[in-house]
């Protein structure tokens, strides 16, 4: 099969289109033929060494891609609820199930995103040599992480399920119902945080956007007030003034030193910062976290929610099926796999390309 492989070398020299062996699914696994796969900001963060720890941690060579829609191509032994031809998406997190191990303490309670054995799995689809990823014609997924896509949800909408699931997990962590919230960032994650907060009952939603086109998307998707740097506005000042005392919760969807500082400044005393964006090392003055008694929540993945006995992927697909969210405006650029250089450029230079979700399409 054809795959875009990263050997760990600096971008772009470390990437090559190669013919690699297509693996057969083992017991409990399925093989999936990729239809469409998104390029995640975290992929770019690893490749560009914004997150040097993960860049060094991941096994190489590796095939990225974890925002995926595909068709089941082969079914391994012991897989009962899926069949060849099913259209599916996947939860990309790895855990004990992938290794055939007895569940660790985290996996036992559904927090497989925090699996103690994740160092062995490498992190699941798109981050593990066990699975491969969506930057290839085929990849493998464990049956526990596969979800059928409702018939009325298009491939283009379903490819946004993974970032929506991240937004849903973040909102379960924050519980925004009836609260004034801010979302910093209006890229894919920021806009899915906006949609998740809206569905889950936030009272008022402020969005801080970098570019004008992002601000318009946030307004289209229902933000109550958007502040945009490209318009000459100062989001932190605007949000603080409009909210009076600061917001109850801030959802940080960028992953930078500056935006974390802004989150600290706009969150009121006793409030919560839900840090969704991923970054490496930073120098942050934590004095105001102490003085304001803020709570900083880290976010990683989309684990099972025992309070509703469902996973964020189940919830995301239901919202898409029932029209509670609008994913269509988020998909901005489509490329073939052999156009990976152009695709990565569009993902990296948002100002030039006005990009939100950039995807590889295989048909």
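Just so it is clear, none of the values below were taken in a lab; they were calculated from the coordinates. In this text the structure is predicted, and so the values were computed from the model without any measurement. When we count neighbours, we look across all protein chains shown, and the Cβ atoms used for this are built from the backbone with ideal geometry, even at glycine.
List of remarks:
- With both labels modelled 7 Å from their Cα along Cα-to-Cβ, the residue 54 to residue 241 distance reads 3.6 nm.
- Of all DSSP beta bridges confined to the chain, the antiparallel ones make up roughly 55%.
- With Cα atoms, 0 to 90° folded angle of helix 188-199 axis to the chain main axis: 70
- Take the Cα of residue 353, step 7 Å toward its Cβ, do the same at residue 2, and the gap between the two points is 1.8 nm.
- If the segment from residue 285 to residue 81 were pulled out straight at 0.36 nm per residue, it would be longer than the present Cα-Cα gap by 68.4 nm.
- Global form of segment 167-298, assessed from the alpha-carbon gyration tensor, a/c cut-off 1.5: rounded
- Highest average first, the peptides 245-254, 166-175 ordered by how many other beta carbon atoms sit within 10 Å of their residues are 245-254, 166-175.
- Across segment 1-104, Cα pairs under 8 Å and at least six residues apart give a relative contact order of 28 percent.
- Mean separation of Cα pairs under 8 Å and 6 or more residues apart, divided by the residue count, gives segment 167-298 a relative contact order of 22 percent.
- Extension gain, residue 231 to residue 256: 0.36 nm times the residue separation minus the Cα-Cα distance gives 6.9 nm.
- Percentage relative contact order, the chain, counting C-alpha pairs under 8 Å, at least six apart: 16
- [x] 179, 51, 35; [y] 66, 46, 33; [z] 58, 43, 40, with the label sought being that of the calculated Cα extents along the principal axes in Å: [z]
- Helix-only [θ]222 nm of the chain, DSSP H runs n ≥ 4, -39500 (n - 2.57) each, per residue, nearest 500: -8000 deg cm²/dmol
- Beta-bridge orientation, segment 121-262: approximately 5 percent antiparallel, per DSSP, counting only bridges with both partners inside.
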